[in-house]
1. Kindly evaluate residue 211 against the criterion of being more than 19 Å from residue 166 (Cα to Cα) and either at pLDDT 90 or above or exposed (fewer than 13 other Cβ atoms within 10 Å of the Cβ) (or both).
2. Which one is surrounded by the most Cβ atoms within 10 Å (Cβ to Cβ) among residues in the range 240-259 that are in contact with a helix residue (DSSP H, G or I) (Cβ under 7 Å, 6 or more places away or on another chain) and part of a helix (DSSP H, G or I)?
3. Could you identify the single residue in 129, 56 that is part of a helix (DSSP H, G or I) and at pLDDT below 85?
């Protein structure tokens, strides 16, 4: 009976060991599954974190590009502002120079004496009569041909040159239609001879012109005398100082200027033809 009991005990011990082994194996498998699940979850968290990092990096790079463009735009705006300020200062400086020059005897220095200016001063009453005639209710025509000063003064006060229009393109009631071609030639000559300061002044706004009517008269007279002087020079006169008989009417100036311009064209054509002979 004893062997049988011992054999039974061994069988029980083996069963318990098997159960323990199975239990240990099951537990290990459960731990393995749990670890694998945690690992997968960790990997997914890492993947999501990397995606978030990539999106954040892309957003940062886009923000940096936007910031760079904004800085470039700001720099351009600042540069434009500096250029605008410089242009304003230059324009103001030129206007101050014009006003300063108008207070001096600039016209006298250009023609080399005061006789021509005095002559034009004597004719100022004619200019006033011409300008008064066009503003009268009857709008009667003046018996004398207007001087180019009157036309320049009229255009400046009316703001006709404000938009950059060419002198020869302006309209004036002082100009007779049949003499329009002479007016065009006279204004082309003025466009050749006026200075940058004078042009800037005459292209000012009507309000600025009305504040400086004295300077306007001096500048217009100076331009007229310069036209007479240069025409005498172009015509080869020994003394280019304007004489008392020479008047700066747009008809006289235009006719003489037309001859000068035609002479230039002829010289150019002769020069082009000469090598072919």
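1. Values: more than 19 Å from residue 166 (Cα to Cα): yes; either at pLDDT 90 or above or exposed (fewer than 13 other Cβ atoms within 10 Å of the Cβ) (or both): yes.
In short, yes.
2. Step one: filter the range 240-259 for residues in contact with a helix residue (DSSP H, G or I) (Cβ under 7 Å, 6 or more places away or on another chain), giving 240-242, 244, 246, 248, 250-251, 253-258.
Retained after the next criterion (residues that are part of a helix (DSSP H, G or I)): 250-251, 253-258.
Working: 250: 30, 251: 19, 253: 25, 254: 23, 255: 15, 256: 21, 257: 24, 258: 17.
Applying the filter and picking the extreme gives 250.
3. Working: 56 fails: at pLDDT below 85.
Testing whether each residue is part of a helix (DSSP H, G or I) and at pLDDT below 85 leaves just 129.
For (1) touching a residue at least 24 places away in the same chain (Cβ under 8 Å); (2) surrounded by 12 or more Cβ atoms within 10 Å (Cβ to Cβ); (3) in contact with a strand residue (DSSP E or B) (Cβ under 8 Å, 6 or more places away or on another chain); (4) not in a helix (DSSP H, G or I), each residue gets a yes or a no:
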residue	(1), (2), (3), (4)
221	yes, yes, no, no
228	yes, yes, no, no
231	yes, yes, no, no
238	no, no, no, yes
261	yes, yes, no, no
271	no, no, no, no
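The values are calculated or read from the model by the stated rules, or taken from the named source; none is laboratory data. Treat the numbers as computed from the prediction; the structure is a model and nothing was measured. Note that each Cβ is placed from the backbone with ideal geometry, even for glycine, and that neighbours are counted across all protein chains shown.
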